[in-house]
Amino acid sequence: MTGRGDVVDTAMTVEDFSRNIDAVRTRIDNAALRAGRDPAEIRLLPVSKTVPEDRLRLAIAAGCHELGENKVQEARRKHAALIDEDVRWAIIGHLQTNKAKDVAAFASEFHALDSLRVAEALDRRLQALGRSLDVYVQVNTSGEESKYGLEPDELMGVLSELKNCTALNVRGLMTLAIFTDNRREVRACFSRLRTLRDRARETDPDLLGAELSMGMSGDFEIAIDEGATVVRVGQSIFGRRPTADSEYWPTSP
């Protein structure tokens with residue numbers, strides 16, 4: 001099914017990880033070339049949720065020096081366990097304000113900023129630590145009530161308010177496409193995010209950067225065709241997860 005497919009066997013050695021990373025990178029490069037884009041414009045963010053630390057050390061040895069995690073508690077534990085490794089951590093899942101202090105302490109990126117309350121909590125914590133954080137504003141482009149993210153018509157107002165959060169570097173926008181086999185509907189989600197970014201930057205280039213974090217294992221080639229600059233890929237690198245995706249992409253109240 002589009003959005004969750006293209007799963008490989010569980011990677012258990014450095015060689016397994018190297019082979020899977022190379023395969024994903026080849027798919028990224030080919031998708032970029034088909035779209036008339038420079039493959040160097042597109043960053044691969046391996047998503048390591050549910051993967052234990054011993055296997056992450058193998059992935060890092062194979063070249064994964066950036067890792068994305070949905071749950072802050074899991075990311076914090078792995079950060080502490082792998083403090084000796086050369087790796088940057090990105091939080092890519094919904095964040096509650098009471099976890100802002102943890103993200104501010106160790107994360108390099110946050111891909112799911114969906115409210116001013118969270119932004120302000122992060123900004124306060126970051127300023128107290130003398131740090132800054134790259135963030136992506138999450139937009140609900142599918143219109144699904146179960147999804148987190150700003151409604152498209154809320155985006156400009158939130159971006160304007162984010163100018164007051166001086167410790168946050170708004171690199172761009174993020175979205176999750178609708179979970180469906182209908183490639184046209186998936187593409188529409190990515191196209192909508194690109195249009196929102198373009199309109200915001202035309203209005204005020206200082207509101208946000210040009211980055212688009214969109215696309216996962218089963219749909220990142222469509223996302224690249226629609227302008228993705230960061231693709232978040234897990235199961236095509238690490239293999240099938242033992243835990244259902246619903247555990248890691250919680251639905252909104």
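The values are calculated or read from the model by the stated rules, or taken from the named source; none is laboratory data. What you see is a predicted model; the values in this text were computed from it and never measured. Quick reminder, even Gly has a Cβ in these numbers, built from the backbone with ideal geometry, and neighbours come from all protein chains shown. Surface areas here come from the heavy atoms of the whole protein model, side chains and all, with no ligands, DNA or RNA. Shrake-Rupley method; radii C 1.70, N 1.55, O 1.52, S 1.80 Å.
Under the condition of being modelled with pLDDT of 95 or more, over 19 Å from A90 (Cβ atoms) and among the small types (G, A, S), which residue from the stretch 168-225 is least open to solvent (accessible area, probe 1.4 Å)?
The extreme case among them is A200.
Quickly run through the stretch 244-253 and pick out the residues that are over 19 Å from A90 (Cβ atoms) and either part of a loop (DSSP other than H, G, I, E, B) or at pLDDT 90 or above (or both).
A244, T251, S252, P253
Applying the selection to the stretch 153-164, what residues are part of a helix (DSSP H, G or I) and either open to solvent by less than 60 Å² (accessible area, probe 1.4 Å) or touching a residue at least 40 places away in the same chain (Cβ under 8 Å) (or both)?
Correct list: L155, M156, G157, V158, L159, S160, E161, L162.
What number of residues within the stretch 171-185 are within 10 Å of T141 (Cα to Cα) and of a type in the set (A, V, I, L, M, F, W, C)?
4
Can you find a residue that is assigned to a helix (DSSP H, G or I), open to solvent by 10 Å² or more (accessible area, probe 1.4 Å) and more than 23 Å from A228 (Cα to Cα) anywhere in the stretch 103-114?
Yes, the stretch 103-114 contains at least one residue that is assigned to a helix (DSSP H, G or I), open to solvent by 10 Å² or more (accessible area, probe 1.4 Å) and more than 23 Å from A228 (Cα to Cα).
Might you check whether a residue that is touching a Phe, Trp or Tyr at 6+ places or on another chain (Cβ under 7 Å) and free of Cβ contacts under 8 Å to residues at least 60 places away in the same chain occurs anywhere in the stretch 46-53?
No: the stretch 46-53 contains no residue that is touching a Phe, Trp or Tyr at 6+ places or on another chain (Cβ under 7 Å) and free of Cβ contacts under 8 Å to residues at least 60 places away in the same chain.
Restricting the search to the stretch 122-146, which residues are aromatic (F, W, Y) and more than 22 Å from G209 (Cα to Cα)?
none
What pairs can you find where one residue is in the stretch 91-106 and within 16 Å of A80 (Cα to Cα), the other is basic (K, R), and their Cβ atoms are less than 6 Å apart, with a gap of 6+ or different chains?
These pairs meet every condition: K101/R125; D102/R76; A104/R125.
(1) farther than 18 Å from A107 by Cα; (2) in contact with a strand residue (DSSP E or B) (Cβ under 7 Å, 6 or more places away or on another chain): which one isn't true of E144, the others all being true?
With respect to (1) farther than 18 Å from A107 by Cα; (2) in contact with a strand residue (DSSP E or B) (Cβ under 7 Å, 6 or more places away or on another chain), E144 is out only on (2).
Within the stretch 22-40, is there a residue that is in contact (Cβ under 8 Å) with a residue 40 or more places away in the chain and within 14 Å of F238 (Cβ to Cβ)?
Looking through the stretch 22-40, at least one residue is in contact (Cβ under 8 Å) with a residue 40 or more places away in the chain and within 14 Å of F238 (Cβ to Cβ).
Out of the stretch 129-152, which residues are without any contact (Cβ under 8 Å) to a residue 60 or more places away in the chain, part of a strand (DSSP E or B) and not aliphatic (A, V, I, L, M)?
Answer for the stretch 129-152, where residues must be without any contact (Cβ under 8 Å) to a residue 60 or more places away in the chain, part of a strand (DSSP E or B) and not aliphatic (A, V, I, L, M): D134, Q138.
Any residue in the stretch 165-184 that is assigned to a helix (DSSP H, G or I) and aliphatic (A, V, I, L, M)?
Looking through the stretch 165-184, none of the residues is assigned to a helix (DSSP H, G or I) and aliphatic (A, V, I, L, M).
Just to verify a result, which residue in the stretch 226-242, among those that are of a type outside the set (S, T, N, Q) and part of a helix (DSSP H, G or I), is surrounded by the most Cβ atoms within 10 Å (Cβ to Cβ)?
Here the answer is F238.
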